[in-house]
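Undergrad: Next up is a structure, given as structure tokens.
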Amino acid sequence: LGFAVRRNKNGVVVVDDFTLVTPEIDLSAKGRAADEMPRIKLSGRLRDLGLFVPGLPGAFTLDGTAALTETGWQIDMKGDGPGGTAVNAEGTLAADVSTARLGLRGRAPLALVNDAIAPRALSGMARYDLRLDGPLALGSLSGSVTTEGARAALPTVGLALDPVKANIQLAAGQANVDVEGRLSSGGRVFLRGPVGLSAPYPANLAVELRNARLRDETLYDVSLAGNLAMAGPLAGGASITGGIKLGTVELRIPETGFGADGSLDGLRHVGAPAPVRRTLARAGQTGRGAGGSTGGPGYGLGISIDAPSAVFIRGRGLDAELGGALTVGGSTNDVVTTGGVSLIRGRLDILGNRLALTEGRATLRGSLDPSLYLLAETTVDEVNIQITVEGLASNPDVTFTSSPDLPEDEILARLVFGRGLDQISPLQAVQLASAVATLSGRGGAGTIGRLREGFGLDDLDVSTDAEGGLELTAGTYISDNVYTDVTVGADGRAEVNLNLTLTPEFTARGSVGSDGQTGIGVYFEKDY
């Protein structure tokens, strides 16, 4: 640390030179008086900008002048840093630093805001050309901020936007936003509209989803498109409305039975350091929710979701297709859904036995972990058996009932082997245990399921016909409302079926067999 001082003609002590050198900072200021008006030349160097902006290591230098005039400080500063970081500030600043008229141009790392938006994170550079006229506040800014090739990480939902292209125009106390990004899971998102720059930050934003895909490897794979609007104060009270059309939806019942989040009940962190505690809080693993809070501002909801078909539920022997529509209302703090999707076709396989599903529905209750109800029925030796799969898709319950009423293990023995529990062999008892493991989530995905995924089909099934012969059925959607399947028997007989959905109630169906038999019909179906 070094400095040079003197006393001017008015007896005031003046510092002419100031120098500060540390392992991280090298700063110098040289001043002189012209007609007793100070003029300062500044020069500084920060050894590593990464100390303040993680992920952007390298030196940052700043040079310029500040001269005090009758109207305030005349500023002319230039700075350069790693990765193309640059700043150029030129204009006037009030002597009391309350207002300014400055031109601000250059490039800045988006990571500067990461501490404020954690656990979300931005990377990349933004180019800005701004004017600051008035008080030192966002509302005094005008000009533009643009970026290309940026990246936004959203770890709480397992997504990233990469690349992100943005053009933000600032004027009259608001920012007009035009942002588009490509989802890491597939598809694109567009965000456009004005946002106020002062609290409560009123906005009128339009969100467009194009072939967007949301995935959880253990639970769901959803493709969707649509338009949403967010209007009102972003600080709380805005409404989110619009419509979404779902494409193919895969809801998977996990084979592990641990549930969707993979959490371990009872796990306790002892003596975790502060960075670990912050990470746990952001992940919602401290018992207080993400960030240690129990809630946030509420946003009203009014979103319609259309899924007329191709909503598939698979896992633990289930293979079902559903369709329908639902409305998401209430608020983000208290989601209320009406409607749902109901069964189109489906089956339940258990140890070589196939049961057709007779009833099914799925509804959302505030998350992408839907609530299921599926019912399969059959009759064995005058005993009517019902198998119910009910609960959250991440870990549903499977129950067995019958008429007349029998214990569950007796029901399962009759279902699998067609005889009572006291009449099965030890080997059959082992097979029965295997069936229970499949339904409880300890089985595998199965060869047929892996083949279906590998061929990109919506349905693949191996079954037997009325005479006991082997049959293979493969089906897929060839458009949004046209479903076709082909069935080939071991004897070489083949049949092609075509389903054309005309309306939610009317379906046209046709079939052509290799033996020359054909059929066509129009069907009316309605659920009550």
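The values are calculated or read from the model by the stated rules, or taken from the named source; none is laboratory data. The model shown is predicted, which means the values in this text are computed figures rather than measured ones. A quick note on method: Cβ atoms are made from the backbone with ideal geometry, for glycine too, and the neighbour counts reach across all protein chains shown. Heavy atoms of the whole protein, side chains included, go into the accessibility calculation; ligands, DNA and RNA do not. Shrake-Rupley method; radii C 1.70, N 1.55, O 1.52, S 1.80 Å.
Undergrad: Regarding the stretch 145-154, can at least one residue be identified that is open to solvent by 80 Å² or more (accessible area, probe 1.4 Å) and under 30 Å from A66 (Cβ atoms)?
TA: Scanning the stretch 145-154, I find no residue that is open to solvent by 80 Å² or more (accessible area, probe 1.4 Å) and under 30 Å from A66 (Cβ atoms), so the answer is no.
Undergrad: Related question: Looking at S367, S425, S394, can you tell me which residue is modelled with pLDDT under 80, loosely packed, with under 15 Cβ neighbours inside 10 Å, of a type in the set (S, T, N, Q) and within 30 Å of L301 (Cα to Cα)?
TA: Exactly one residue qualifies, and that residue is S367.
Undergrad: While we're on this one: Show the residue pairs that are 6+ apart or on different chains and have beta-carbon atoms under 9 Å apart, the first residue being within the stretch 326-339 and in a loop (DSSP other than H, G, I, E, B), the second being aromatic (F, W, Y) and modelled with pLDDT of 85 or more.
TA: T332/Y299; N333/Y299
Undergrad: Here is a follow-up. Out of the residues in the stretch 453-497 meeting the condition of being open to solvent by less than 50 Å² (accessible area, probe 1.4 Å) and outside any strand (DSSP E or B), tell me which one is modelled with the highest pLDDT.
TA: Of everything passing the filter in the stretch 453-497, D458 is modelled with the highest pLDDT.
Undergrad: Can I ask one more? Please go through the stretch 87-127 and give me each residue that is in contact with a strand residue (DSSP E or B) (Cβ under 6 Å, 6 or more places away or on another chain), hydrophobic (A, V, I, L, M, F, W, C) and open to solvent by 30 Å² or more (accessible area, probe 1.4 Å), ordered by number.
TA: V87, L93, A95, L104, L110, A121, L122, M125
Undergrad: Follow-up. In the stretch 401-414, is there at least one residue being modelled with pLDDT under 80, open to solvent by 30 Å² or more (accessible area, probe 1.4 Å) and in a helix (DSSP H, G or I)?
TA: yes
Undergrad: For the stretch 117-130, enumerate the residues that are more than 19 Å from T85 (Cα to Cα) and either touching a residue at least 40 places away in the same chain (Cβ under 8 Å) or out of contact with any helix residue (DSSP H, G or I) (no Cβ under 8 Å at 6 or more places or on another chain) (or both).
TA: Step one: of the stretch 117-130, the residues more than 19 Å from T85 (Cα to Cα) are 117-120.
I117, A118, P119 - these are the residues of the stretch 117-130 that are more than 19 Å from T85 (Cα to Cα) and either touching a residue at least 40 places away in the same chain (Cβ under 8 Å) or out of contact with any helix residue (DSSP H, G or I) (no Cβ under 8 Å at 6 or more places or on another chain) (or both).
Undergrad: Here is a follow-up. Filter the stretch 159-187 down to residues that are outside any strand (DSSP E or B) and either over 17 Å from R120 (Cβ atoms) or in contact with an Asp or Glu (Cβ under 7 Å, 6 or more places away or on another chain) (or both) and give me whichever is most open to solvent (accessible area, probe 1.4 Å).
TA: Per the criteria, the residue is A172.
Undergrad: Quick one: in the stretch 353-384, of everything that is touching a Lys or Arg at 6+ places or on another chain (Cβ under 7 Å) and part of a strand (DSSP E or B), which residue is farthest from E321 (Cα to Cα)?
TA: Filtering the stretch 353-384 down to residues touching a Lys or Arg at 6+ places or on another chain (Cβ under 7 Å) leaves 354-357, 371, 373, 380-381, 383.
Next, from what is left, pick out any that are part of a strand (DSSP E or B): 354-357, 371, 373, 380, 383.
Numbers: R354: 16, L355: 15, A356: 12, L357: 10, S371: 15, Y373: 13, V380: 26, V383: 27 Å.
Ranking the qualifying residues of the stretch 353-384, first place goes to V383.
Undergrad: A follow-up question, please. Kindly establish whether L374 is touching a residue at least 60 places away in the same chain (Cβ under 8 Å) and open to solvent by less than 60 Å² (accessible area, probe 1.4 Å).
TA: yes
Undergrad: Could I ask something else about it? Let me confirm something: among A281, A272, which residue is over 25 Å from G391 (Cα atoms), open to solvent by less than 50 Å² (accessible area, probe 1.4 Å) and at pLDDT 70 or above?
TA: Numbers: A281 fails: at pLDDT 70 or above.
Sole residue among the options that is over 25 Å from G391 (Cα atoms), open to solvent by less than 50 Å² (accessible area, probe 1.4 Å) and at pLDDT 70 or above: A272.
Undergrad: Look at L392 and say whether it is farther than 20 Å from F417 by Cβ, touching a residue at least 12 places away in the same chain (Cβ under 8 Å) and under 27 Å from the mean Cα position of the chain (by Cα). Please lay out each step first, then the result.
TA: Numbers: farther than 20 Å from F417 by Cβ: yes; touching a residue at least 12 places away in the same chain (Cβ under 8 Å): yes; under 27 Å from the mean Cα position of the chain (by Cα): yes.
Yes.
Undergrad: Provide a single number: the residues in the stretch 230-240 that are buried (at least 17 other Cβ atoms within 10 Å of the Cβ) and either under 15 Å from the mean Cα position of the chain (by Cα) or at pLDDT 90 or above (or both).
TA: 4
Undergrad: Which ones in the stretch 350-361 are surrounded by 18 or more Cβ atoms within 10 Å (Cβ to Cβ) and modelled with pLDDT under 85?
TA: If the condition is that a residue be surrounded by 18 or more Cβ atoms within 10 Å (Cβ to Cβ) and modelled with pLDDT under 85, then I350, L355 are the ones that fit.
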